[in-house]
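Heads up, the thing below is written out as structure tokens.
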Amino acid sequence: MSSNGCCKYSCETASETLEWINAIVDFIRPYSFLTGAHVVNFFKDRMWEAIDKEWMDCLRKEAVENLLQIPGGVVQDHWPASLKKFIVTLSSLVLPRQQQDLQTVLPGMNMTSLNSVLSTGMNWKKKHEVEVLSAVVDSIATSVGANAIIDVGSGQGYLAQVLSFHYQHAVVAIDACSHHGRVTDARAEQIKKYYAAQMRKSVSGNRSLTVPKTVTCNVMSIDMLKALAATPLHKDNVSLLQSSCNADNGSSLVLAGLHACGDLSVTMLKTFMECKEVKAVVSVGCCYNLLSEEGFNHVGSQCGFPMSCGVISAGISLGKSSRDLACQSAERWKCLENDAGLHNFELHALRAAFQMVLSVYYPEVMSTSPSIGRQGKALRRRQQRVVPNSSLHHKENKCSLSEINSHVTGSCYHKKSTELETDDSFDMMLETTSITNENSSNKATKCERSEFIGNYPLFQKYCLLGLCRLGLEPLKETDIHGIWKQVESFAELIGPYWSLRAAFGPLLETFLLLDRLLFLQEQGSSIEAVMLPIFNPALSPRNVAIIAKKLTQM
């Protein structure tokens with residue numbers, strides 16, 4: 001077994017970034033059939049036939065634990081040389097995701113553990129993200145002498161409140177959800193009471209507390225975000241933002257975003273470039289599937305991808321399936337127990353086989369891109385309650401399937417089509433999987449194939465649930481058993497296929513991030529821009545921050 005070493009590419013300059021981008025473009029072009037695939041059509045379109053037969057013959061016999069390592073660039077010595085070369089070459093193009101030593105990059109950065117009051121309501125992942133990002137934003141804001149920080153897509157205000165109460169910055173928290181605004185305000189009042197009581201006990205009793213200002217609106221365009229930055233917003237008679245983006249009055253703003261969804265991260269970067277009062281930006285993006293892409297769902301300069309002239313010149317398009325694939329996390333794949341990985345492969349097979357039923361007997365439904373929800377996962381949960389000692393039952397200290405299937409509050413995934421139901425299901429599972437106890441062994445023995453293959457009764461139940469969810473009655477001529485017999489012998493191929501496809505996830509995310517970085521670098525020497533993995537990738541898969549500062553007046 002071996003894994004890929006360090007990436008041989010650099011992105012310190014625009015020319016180096018463009019060289020890296022062109023290398024990625026050259027690699028992914030021949031594999032658009034794989035990156036753009038909808039796995040729900042696996043059986044219908046016989047997708048395994050597009051993959052090198054030698055690869056599939058090898059991987060169909062491979063242990064699940066080894067399949068789960070493929071997105072992380074790990075190969076096995078007995079694999080075909082061409083397969084090993086493919087995975088190693090792909091991995092060499094991926095941005096390394098190990099958490100950066102931020103004290104080296106940002107000397108003087110002051111990161112401290114959040115107290116119990118500020119961290120109330122945060123899970124382990126959110127606490128880690130807010131602790132790190134707030135320290136980074138504080139460091140950048142201090143370096144540019146910022147008057148205020150705008151937290152874009154602030155959610156329930158965790159980042160804004162730490163920046164305000166702990167680091168004592170003037171902060172405006174912007175979110176499209178009015179409920180989030182109310183939660184932010186209510187939470188801020190509770191935190192304010194705590195800090196006010198602490199101050200009364202200390203010599204700083206006369207110091208006024210800085211409380212974040214909340215604004216509810218949809219940030220749909222650069223102009224709207226610029227207008228927000230230009231509006232005087234008052235809280236406790238203190239003007240937090242007193243500038244106009246068209247007036248040279250010395251104001252200095254920083255835009256910050258913790259997993260600003262889809263185009264919102266792009267809007268932040270473009271606003272940074274166009275609004276002279278915005279001196280710096282710290283952006284951690286997510287939800288690439290929601291990006292607008294020129295030539296697909298958007299035309300013009302406001303599209304989310306591509307941003308840079310370099311990528312535009314390359315003339316490559318991704319499409320929604322590829323952008324959705326960019327959300328896959330090699331770290332989360334590696335953290336999965338074998339049973340959880342096998343469980344997911346089985347759900348893909350169920351969904352793809354059900355697509356055959358729809359295609360043959362309900363062709364009119366196919367044109368509407370139906371979503372059947374999470375029937376397979378619900379079915380599995382019921383099975384495990386009946387048979388708790390089945391092969392899919394998790395060991396102590398490992399993530400349970402009920403945890404995997406639960407939906408974490410604040411998730412940005414929007415399921416609206418059949419391809420999302422299957423293509424997103426693993427990503428949803430990974431995003432909601434609890435991390436393995438660090439003291440427990442993560443070395444599983446070779447996983448035996450479950451009783452799923454050949455389990456027609458389970459597929460029959462899945463189909464009936466799916467048809468019910470779609471409001472369809474089983475037709476008299478519907479031969480569910482016949483469909484299953486057609487696909488049964490190919491069901492074990494879906495795990496290898498999905499693992500090979502998922503290996504492109506980190507590469508596609510690298511490509512999207514490099515496009516954003518190059519956009520900033522193309523502006524010239526007046527902009528200093530870096531791309532840093534700032535979070536633990538096992539805790540927070542979307543862990544790369546793009547940080548940019550203006551060095552001269554633009």
For this session: Could you run the Karplus curve 6.51 cos²θ - 1.76 cosθ + 1.60 with θ = phi - 60° over the range 310-319 and give me ³J(HN,Hα) per residue in whole Hz, x for Gly and Pro?
Result: x, 6, 4, 5, 5, x, 10, 10, 9, x
Exercise. What percentages, rounded to whole numbers, describe P(r) for the range 514-554 computed over all alpha carbon pairs with 10 Å bin width beginning at zero?
Worked result: 29, 43, 22, 7
Problem set entry | Chain lengthening between D57 and T89 when straightened (0.36 nm per residue, less Cα-Cα) | 9.4 nm
Problem set entry | For the range 44-162, fraction of C-alpha pairs farther apart than 20 Å, in % | 63 percent
Problem set entry | Given K85/K334; K193/K549; K84/K320; K193/K270; K125/K320, the pairs whose alpha carbons are separated by over 32 Å | K193/K549; K193/K270
Seminar exercise, completed: Measure of exposure for E274: accessible area at 1.4 Å probe, Å² rounded to 10, is 100 Å²
For this session: Write down the radius of gyration of the range 102-184 and its Dmax, each obtained from C-alpha positions, in Å.
Result: 12.6, 39
Exercise. Rule-of-thumb check for the range 13-103: C-alpha Rg over 2.2 N^0.38 Å?
Worked result: 1.31
For this session: Would you mind checking which residues have amide H under 5 Å from V171's amide H? H placed 1.01 Å from N; only 5 or more apart, or other chain.
Result: I149, K213
Problem set entry | Inter-centroid distance (Cα atoms) of the range 488-544 relative to the range 158-205, Å | 34 Å
For this session: Mind giving me the FRET efficiency for A81 and H179? R0 is 51 Å, r the Cβ-Cβ distance, nearest 0.05 is fine.
Result: 0.40
Exercise. Ignoring ligands, DNA and RNA, what percent of the 1.4 Å accessible area of the range 459-502 is carbon and sulfur?
Worked result: 51 percent
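The values are calculated or read from the model by the stated rules, or taken from the named source; none is laboratory data. A quick note: this is a predicted structure, and the numbers were derived from the prediction, not measured. Please note: Cβ atoms are built from the backbone with ideal geometry, for glycine as well, and neighbour counts cover all protein chains shown. Side chains are part of the model used for accessible areas, which takes the heavy atoms of the whole protein and leaves out ligands, DNA and RNA. Shrake-Rupley method; radii C 1.70, N 1.55, O 1.52, S 1.80 Å.
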